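Asks: I have a structure here, written as structure tokens, and I will follow up with some questions on it.
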Amino acid sequence: INNYEYIQTSIEGRIGMIALNRPDVLNALNRTMVVEILSAMESFDQDESIRVIILSGNGRAFAAGADIEEMSADGPIDFELLNQFKNWDRIASIKKPIIAVVQGFALGGGFELALCCDLIFAADDATFGFPEVNLGVMPGAGGTQRLTKLVGKTKAMEWLFTGKRITANEALQFGIINSIFAKEILIEEALKAGGMIASQAPLSIRFIKEAVLKAVDTPLEEGMHFERKNFYLLFSSEDQKEGMRAFIEKRNPDFKGR
Ligand code: CO8
């Protein structure tokens, strides 16, 4: 639909698809690509006909990290002036659920990108890891923070200190990913799950996402307060009336997202 250089976008029913498309360099994330990913996410987020976003990588990787060539000669002042990570911060404000579909490598910035998504579906060959330590640097797009909040200090330290590869099975065991599928059916399964979520009341999904993300960073009392306000708010939606009426009338609801 758009003229992107490093990604492809398409629409499958109510699902907006974004595919990283630099397969020759294992979808290494250069700066333009990150801008494109965010532009595509934001335009799907604004589009009322889209209810779920799926992010995948073309070729044999999800993404093998930030583009090492692009950043190798940069200094701290370049990063500061570029305000390099402002686009990454935009991911957190996407309201619709994002499913990462990971096959092959999700390393460094590629792993960080997957960790920014809400669900991760992985192929059995998926490999995660933070190899930055081998390059004399460290993760800069949330890796030390998001991984630690997800798996706790013990494994985060180990994986970040060693750069060790995390297999799909380990990732599943530690709650980093939701499911593993054979490569051949991975996208199909993600579309199925996406379709299921897309059939739910969009405002419920929206406020659930907001409340769960809030829980990650908020003391319980404040989070409970936040949850309650969102719960109350949903009772002003047409979909709440429709959902409860449909239950009473013993039929399927027809949710409109309003
Ligand atoms: N950047 C640039 N090019 C890359 C990258 C990368 N991260 N990863 C792979 N490529 C290129 C290779 O240079 C190669 O190009 P060419 O064919 O022109 O030589 C092509 O992709 C294929 O790669 P390989 O031949 O190396 O394929 P292998 O199957 O032998 O190896 C590996 C695959 C193990 C994934 C290997 O390519 C590798 O180690 N890649 C680098 C992984 C890495 O270190 N990632 C972390 C990068 S640092 C980072 O992400 C910091 C995040 C900071 C914030 C993010 C801001 C955007």
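Asks: Suppose the chain between ASP74 and LYS250 were pulled fully straight at 0.36 nm per residue; how much longer would it get relative to their current alpha carbon spacing?
Replies: 57.1 nm
Asks: Over every pair of different alpha-carbon atoms in segment 154-258, take the mean of 1/r and invert it; report that Kirkwood radius in Å.
Replies: Hydrodynamic radius (Kirkwood, Cα pairs) of segment 154-258 is 17.1 Å.
Asks: Follow-up. Using the per-residue mean of other Cβ atoms lying within 10 Å as a proxy for protection, in what order, highest first, do the peptides 192-201, 15-24 fall?
Replies: Going by the mean number of other Cβ atoms within 10 Å, highest first, we get 15-24, 192-201.
Asks: Also: Calculated from DSSP H runs of 4 or more alone, at -39500 (n - 2.57) each and per residue, what is the 222 nm mean residue ellipticity of the chain, nearest 500?
Replies: So the calculated ellipticity at 222 nm is -14000 deg cm²/dmol.
Asks: Measuring with a 1.4 Å probe in the full set of protein chains, what accessible area per residue, in whole Å², belongs to segment 53-92?
Replies: Roughly 58 Å² per residue, with all protein chains present.
Asks: Also, I was wondering about something else. Between THR162, ASN178, ILE197, whose Cα lies farthest towards the positive end of the dipole of segment 143-258 when Lys and Arg beta carbons carry +1 and Asp and Glu beta carbons carry -1, centred on the Cα centre?
Replies: Of the listed residues, the answer is THR162.
Asks: While we're here: LEU150 accessible area, nearest 10 Å², 1.4 Å probe?
Replies: For LEU150, the solvent-accessible surface is approximately 80 Å².
Asks: When the accessible area of segment 116-254 is computed with all protein chains present and a 1.4 Å probe, what percentage of it is carbon and sulfur?
Replies: Whole-percent figure for carbon plus sulfur exposure: 59.
Asks: Counting residues in the chain as N, plug N into 2.2 N^0.38 Å and put the Cα Rg over that result.
Replies: Here the answer is 1.05, to two decimals.
Asks: Here's something else I'd like to know. Excluding ligands, DNA and RNA, what is the solvent-accessible area per residue of segment 100-258 at a probe of 1.4 Å, expressed in Å²?
Replies: Result: 56 Å² of accessible area for each residue.
Asks: Next question, about the same structure. Could you calculate the FRET efficiency of GLU5 with ASP125 from 1/(1 + (r/R0)^6), where r is the beta carbon distance between them and R0 is 25 Å, rounded to 0.05?
Replies: The formula returns an efficiency of 0.35 here.
Asks: How far is helix 183-198 tilted off the main Cα axis of the chain, in degrees rounded to 10, range 0 to 90?
Replies: That works out to roughly 40 degrees.
Asks: Of the DSSP beta bridges with both residues in the chain, give the percent that are antiparallel, rounding to the nearest 5.
Replies: In the chain, approximately 25 percent of DSSP beta bridges are antiparallel ones.
Asks: May I ask what percent, to the nearest 5, of DSSP beta bridges between residues of segment 87-220 are antiparallel?
Replies: About 15 percent, rounded to the nearest 5.
Asks: Related question: Kindly give the semi-axes, whole Å and largest first, of the ellipsoid equivalent to segment 37-156, taking each as the square root of 5 times a Cα gyration tensor eigenvalue.
Replies: In descending order, the three semi-axes are 23, 19, 14 Å.
Asks: Report, to the nearest 10°, how far helix 153-162 tilts away from the longest principal axis of the Cα atoms in the chain, using its own Cα long axis and a range of 0 to 90°.
Replies: With rounding to tens, the tilt is 40 degrees.
Asks: Mean separation of Cα pairs under 8 Å and 6+ residues apart, divided by the residue count of the chain: what relative contact order is that in percent?
Replies: Across the chain, relative contact order equals 16 percent.
Asks: With angles folded into 0 to 90 degrees, how steeply does helix 31-46 sit against the dominant principal axis of the chain? Use alpha carbons for both and round to 10.
Replies: Approximately 0 degrees, to the nearest ten.
Asks: Next up: About its Cα centre, how strong a charge dipole does the chain have in debye, to the nearest 20, once Lys and Arg get +1 and Asp and Glu get -1 at the Cβ?
Replies: 920
Asks: Per q in 0.22, 0.24, 0.28 1/Å, what log10 I(q)/I(0) does a Debye calculation on the alpha-carbon atoms of segment 37-103 return?
Replies: The computed values of log10 I(q)/I(0) come out as -1.04, -1.10, -1.20.
Asks: Separate question: Only Lys, Arg, Asp and Glu count, each charged at its Cβ (+1, +1, -1, -1), so figure out the dipole size of segment 26-108 about its Cα centre, rounded to 20 debye.
Replies: About 400 debye.
Asks: A further question follows. Would you kindly compute the Cα radius of gyration of segment 85-179 and its largest Cα-Cα separation (Dmax), both in Å?
Replies: Rg then Dmax for segment 85-179, in Å: 12.5, 36.
Asks: For a quick protection proxy, order the peptides 91-100, 70-79, 25-34 by their average other-Cβ count within 10 Å, most packed first.
Replies: Result, highest mean Cβ count within 10 Å first: 25-34, 91-100, 70-79.
The values are calculated or read from the model by the stated rules, or taken from the named source; none is laboratory data. None of these values were measured; they are calculated from a predicted model. Cβ coordinates were reconstructed from backbone atoms using ideal geometry, including for glycine residues, and neighbour counts include every protein chain displayed. Surface accessibility is based on the protein's heavy atoms, side chains included, excluding ligands, DNA and RNA. Shrake-Rupley method; radii C 1.70, N 1.55, O 1.52, S 1.80 Å.
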